[in-house]
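The values are calculated or read from the model by the stated rules, or taken from the named source; none is laboratory data. Note that the coordinates shown come from a computational prediction; the quantities given were computed from them, not determined experimentally. Cβ: placed from backbone, ideal geometry, glycine included. Neighbour counts: every protein chain shown. Just the protein is used for accessible areas: all its heavy atoms, side chains included, with ligands, DNA and RNA removed. Shrake-Rupley method; radii C 1.70, N 1.55, O 1.52, S 1.80 Å.
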Amino acid sequence: LMQVKPSTAREMARRYALGWSSNRTLLDPVQNARLGLAYLAEMRRKFGKTEHAVAAYNIGPANLRRLLARGRGSLKRGPYLTKIYAHVESLSEEYGSPGSVFD
């Protein structure tokens, strides 16, 4: 569901007491969503912008830091990220988040 690497999911489970038994934990949709959302929330706290959090979730925080260090505050949106950003925007509108989540 959330496409979380097992090592990342295991760390989120440890850090936030979300429960982990093995990599098979990711096959449980509820646990998968909890672990993925914990990681996305952590990326949001680290990077401040939802756009950066989504990018860090996708390409990894170290890769995002490298891009930002090169002065790329505005990230290139390839087809995959464009689709993800559009989905996040539609969910934001549907569930009442004020304005663009990418402001």
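Near A41, once Lys and Arg are set to +1 and Asp and Glu to -1 for all other residues with Cβ below 14 Å from its Cβ, the sum equals +4.
Angle of helix 50-59 to the longest C-alpha principal axis of the chain, folded into 0 to 90 degrees and rounded to 10: 60°.
A Cβ-based charge dipole, computed about the Cα centre of the chain with Lys and Arg at +1 and Asp and Glu at -1, lands at about 620 debye. L37 label point, 7 Å along Cα→Cβ, cut-off 20 Å on backbone N: hits in the range 1-29? Residues 1-6, 8-21, 25-29 fall inside that zone. A Cβ-based charge dipole, computed about the Cα centre of the range 11-53 with Lys and Arg at +1 and Asp and Glu at -1, lands at about 140 debye. Run through the range 1-91 and list the trypsin sites (Lys or Arg not before Pro) located in a DSSP loop whose Cβ has at most 13 other Cβ atoms within 10 Å. Answer by residue number: R70, R72, K76. Estimated at the nearest 10 Å², the accessible area of S21 is 100 Å² with a 1.4 Å probe.
When the charge dipole of the chain is built from unit charges on Cβ atoms (+1 for Lys and Arg, -1 for Asp and Glu) and taken about the Cα centre, the candidate among F47, A33, L91 whose Cα reaches farthest toward its positive end is F47. Counted by Cβ distance under 12 Å from Y57, the other residues give a net charge of +1, where Lys and Arg count +1 and Asp and Glu count -1. Accessible surface of T8, taken over heavy atoms with a 1.4 Å probe and every protein chain present, rounds to 30 Å².
Tell me the per residue accessible area of the chain using a 1.4 Å probe; a whole number in Å² is fine.
Working: 6690 Å² over 103 residues.
Computed with neighbouring chains in place, this is 65 Å² per residue.
Each of R14 and K46 was given a label point 7 Å from its Cα along the Cα-to-Cβ line. The distance between the two points is 1.5 nm.
Each Lys or Arg adds one and each Asp or Glu subtracts one; over the other residues with Cβ under 15 Å from the Cβ of S22, this totals +2. Surface composition of the range 1-65: carbon and sulfur atoms hold 55% of the protein heavy-atom accessible area at a 1.4 Å probe.
Here the chain is scanned for chymotrypsin sites (Phe, Trp or Tyr not before Pro) in DSSP loops (not H, G, I, E, B) that have at most 14 other Cβ atoms within 10 Å, and the longest stretch holding none of them is 1-94. The Rg/Rh ratio of the chain, with Rg taken over Cα atoms and Rh as the Kirkwood radius over Cα pairs, comes to 0.99.
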